[in-house]
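Comments concern the structure below.
The values are calculated or read from the model by the stated rules, or taken from the named source; none is laboratory data. What you see is a predicted model, and the numbers here were worked out from it, not measured in a lab. In this analysis, Cβ positions are derived from the backbone assuming ideal geometry, glycine residues included, and neighbour counts consider all displayed protein chains. Ligands, DNA and RNA are excluded from the accessible area calculation, which covers all protein heavy atoms including side chains. Shrake-Rupley method; radii C 1.70, N 1.55, O 1.52, S 1.80 Å.
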Amino acid sequence: MSMATEQPTQSLPQGVYLEKDIDAGELTVNIGPQHPSTHGVLRLITTIDGEVVRDIEPVIGYLHRSKEKMAESRSLFQYQPTIDRVEYLSAFFDHYVFVTSLEQIAGLKVPKRMQYVRMITMELNRIASHLLWFGTFLLDLGATSPMFYAFRDREKIFSLFEQLTGARMMYNYYRFGGANADMPEGWLEGALDFCDDFEQRIDEYEAIVTKNPIFLDRTVGVGVVDAETLIAHGVTGPTLRGSGVALDQRKDNPYCCYDEVTFDVPVGQNGDCYDRYLVRMAEMRESLKIIRQAVRQIPGGDTADLMRRRAEGDEAANDIELQIAGQKINLLTYKAPPGEVMTTVESPRGFLGCYLITDGTPKAYRCKWRGASFSNLTVLPLLMKGRLFPDLMAIFGSIDVILPEVDR
Amino acid sequence: MSDEPKENDKPKPSDGAEKPAKKAEAAAPPPPELGVCGKLLEGAGLKPVALPADAAGTETVQVDGGQLKQACERLRDDAQFDLLLSVSGVDNKTTLTAVYHLYSTKTKAKLVVKANGDKLPSVVSVWPGADWHEREAYDLFGIQFDGHPNLKRILMPDDWVGHPLRKDYTVDDPRLVWNER
């Protein structure tokens with residue numbers, strides 16, 4: 001506004017440009033599907049009036065890879081490597097719900113040591129996922145450097161995962177009743193080193209971002225939504241917790257060994273983008289707490305100790321709870337008993353669920369993925385109505401939607 | 001001599017009569033009874049049918065398609081099931097089923113509601129979050145949700161023919177593009 005008045009307009013005929021009849025009606029703008037800020041391929045049909053968004057319609061399905069049909073055409077074991085791609089930023093959670101669904105149907109018992117490994121890997125994965133969110137969210141708001149910092153720490157987590165599973169993003173590590181292999185020697189030490197290192201890093205990140213006036217201007221009071229609306233729309237995870245509801249599967253229905261560790265569920269107060277940011281940053285600190293406790297409490301301790309005890313003939317070291325897999329099953333010919341269950345897990349984005357129906361054949365009869373992002377995205381039009389267009393990326397970024405999980 | 005065949009005969013029919021009964025008992029566990037939510041629905045004048053609980057022990061109720069919306073309203077208002085996790089279509093080869101997974105953020109309880117039929121009332125007015133889930137079930141299974149504000153395809157392209165997750169929809173389906181060539 002001030003720019004326009006400062007421009008030299010004396011040489012122009014007075015008032016010509018002001019009197020010109022401008023069509024001030026609504027304009028439909030197509031955003032995506034190929035757009036970096038959509039974190040995947042999402043199309044938003046946006047109706048704007050000036051800079052105010054009147055309506056927004058997300059169009060999804062550009063990343064649909066028929067994961068659910070694939071489950072019905074191959075055996076459960078053959079299907080397993082492909083499910084990393086359902087939500088590739090936190091693939092351990094995909095595996096966890098799938099494997100746990102089958103374990104519940106078949107009544108397979110998971111050794112305690114393995115449950116702790118699952119807990120540690122999932123919490124590390126939560127940090128990695130939140131870090132990517134942290135980087136891209138700030139990038140959406142125009143800050144480039146947090147992206148590089150976040151990726152540096154994310155690489156450290158991926159190096160840990162690479163030692164453990166052989167892959168940096170597509171792990172395929174869990175197995176029915178356990179996991180692929182025990183941890184490498186010294187892996188727990190590496191996880192602790194990461195925790196020590198990252199605790200200082202996250203202080204640095206918060207020092208850069210949390211009180212940054214530009215960041216505050218872009219996020220405080222933007223995208224405010226109350227908890228009842230979010231719950232009615234099926235929104236879960238940090239997005240809901242930012243509005244003050246402490247809904248967390250890890251506390252409410254503890255799976256793995258979450259009832260044996262102490263941690264808090266951070267919640268926001270105002271339900272705006274800033275609170276959702278604070279919740280996720282606090283969650284990373286809580287994850288560090290969980291990892292530290294889990295490393296201390298894991299039955300059997302480091303693999304090197306366990307191997308030494310076994311070599312020395314210590315019978316207690318061969319206990320079933322210290323094995324990698326509780327019950328050995330032949331994965332290639334395994335036929336799950338008929339049954340059905342829906343397992344949910346607290347993924348970095350909310351309730352991730354796998355509704356599995358088996359019918360006694362090696363294949364799944366039906367495998368339905370309940371992605372947290374799918375439900376979380378439905379609330380975007382509601383949040384954007386009447387907001388300014390530049391708030392779109394702040395609000396969309398703060399919901400933390402990952403499109404592969406939406407489209408499956 | 002005459003006693004022996006009688007004795008042999010006697011146990012045989014009795015065995016035969018007992019075996020099917022035992023088999024039936026073994027094959028079909030005792031019919032499930034209505035749980036807390038099922039009784040709540042029954043008290044509201046609806047006719048829920050109890051189904052066996054799932055592998056995690058979650059109560060499962062089958063509701064008649066015509067009563068689905070009333071049942072969902074009762075469950076939301078009286079049993080505090082405020083969070084609809086998902087609507088999953090299932091093709092049972094003879095019928096289509098919509099499976100509603102409910103969760104209560106207050107009591108932390110879970111519930112599974114099933115309704116058979118390819119034409120069901122929409123529950124968008126009960127849980128607004130059902131919108132996309134019902135569109136997905138329509139897209140992939142062809143279940144029509146009456147009263148849905150915007151029932152169109154969501155994952156597949158708008159001009160797609162057929163409903164891909166149905167059991168009769170296979171890779172050699174003539175409607176698929178690569179089979180036309």
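Annotation for segment A:318-360: trypsin sites (Lys or Arg not before Pro) lying in DSSP loop with at most 16 further Cβ atoms inside 10 Å of their Cβ are A:LYS328, A:LYS335. Segment B:108-142 and segment A:288-361 have Cα centres separated by 34 Å. Taking the charge dipole of segment A:65-371 about its Cα centre, with +1 at Lys and Arg Cβ atoms and -1 at Asp and Glu Cβ atoms, the residue from A:GLN269, A:ASN125, A:ALA179 reaching farthest to the positive side is A:ALA179. Shape class of segment A:172-265 from the alpha-carbon gyration tensor: oblate, with a/c at 1.5 or above and b/c at least as large as a/b. Take each peptide in B:87-93, A:98-104, A:381-387, A:232-238, count the other Cβ atoms within 10 Å of every residue, and average; sorted highest first, the result is A:232-238, A:98-104, B:87-93, A:381-387.
Spin-label model, B:LYS39 to A:LEU27: label points 7 Å out along the Cα-to-beta-carbon direction sit 6.3 nm apart. Accessible surface calculations at 1.4 Å, restricted to protein heavy atoms, place chain A at 39 Å² per residue.
Please list A:264-276, A:135-147 highest first by mean number of surrounding beta-carbon atoms within 10 Å per residue.
My ranking of the peptides, most packed first, is A:264-276, A:135-147.
Of the residues A:LEU388, A:LEU380, ranked by 1.4 Å probe accessible area with the largest first, the sequence reads A:LEU388, A:LEU380. Only lysine pairs 8 or more places apart or on separate chains count here, and in segment A:65-371 those with Cα atoms under 20 Å apart total 15. Largest GNM mean-square fluctuation among A:LEU278, A:LEU332, A:LEU124, using chain A with Cα springs under 10 Å: A:LEU332.
Using only Cα positions of segment A:65-371, each an equal point scatterer, no hydration layer, compute I(q)/I(0) via Debye at q = 0.08, 0.09, 0.16 Å⁻¹ and quote the log10 values to two decimals. The calculated log intensity ratios at q = 0.08, 0.09, 0.16 Å⁻¹ are -0.37, -0.47, -1.36. Hydrophobic, long helices, defined as DSSP H runs whose alpha-carbon span along the helix axis is 20 Å or greater and whose mean Kyte-Doolittle value is at least 0.5, occur in chain A at A:91-106. With a 10 Å cut-off around each Cβ of A:64-70, the average count of Cβ atoms from other chains is 4.
Annotation: amide H-H contacts under 5 Å for A:VAL59 (H modelled 1.01 Å from N, sequence separation of 5 or more, or interchain): A:ARG43, A:LEU44, A:ILE45. Per residue of peptide B:50-58, the mean number of Cβ atoms on other chains within 10 Å of the residue Cβ is 5. Among beta bridges from DSSP that stay inside the protein assembly as shown, the antiparallel ones total about 90%.
Using a/c under 1.5 as the rounded threshold, could you call the protein assembly as shown rounded, prolate or oblate? The axes a ≥ b ≥ c are square roots of the C-alpha gyration tensor eigenvalues, and prolate needs a/b larger than b/c, oblate otherwise. Judged from the Cα gyration tensor, the protein assembly as shown comes out oblate (a/c at least 1.5, b/c at or above a/b). For chain A, a Gaussian network of Cα nodes joined below 10 Å ranks A:ASN330, A:ASN30, A:ASN125 by mean-square fluctuation, and the top entry is A:ASN330. Ranked by the mean number of other Cβ atoms within 10 Å of their residues, highest first, the peptides A:215-228, A:307-320 fall in the order A:215-228, A:307-320. Note on A:347-354: average number of Cβ atoms from other chains within 10 Å of each residue's Cβ is 1. Classify segment A:32-185: rounded, prolate or oblate, from the alpha-carbon gyration tensor (a ≥ b ≥ c, eigenvalue square roots; a/c under 1.5 rounded; otherwise prolate if a/b is larger than b/c)? In terms of gyration-tensor shape, oblate.
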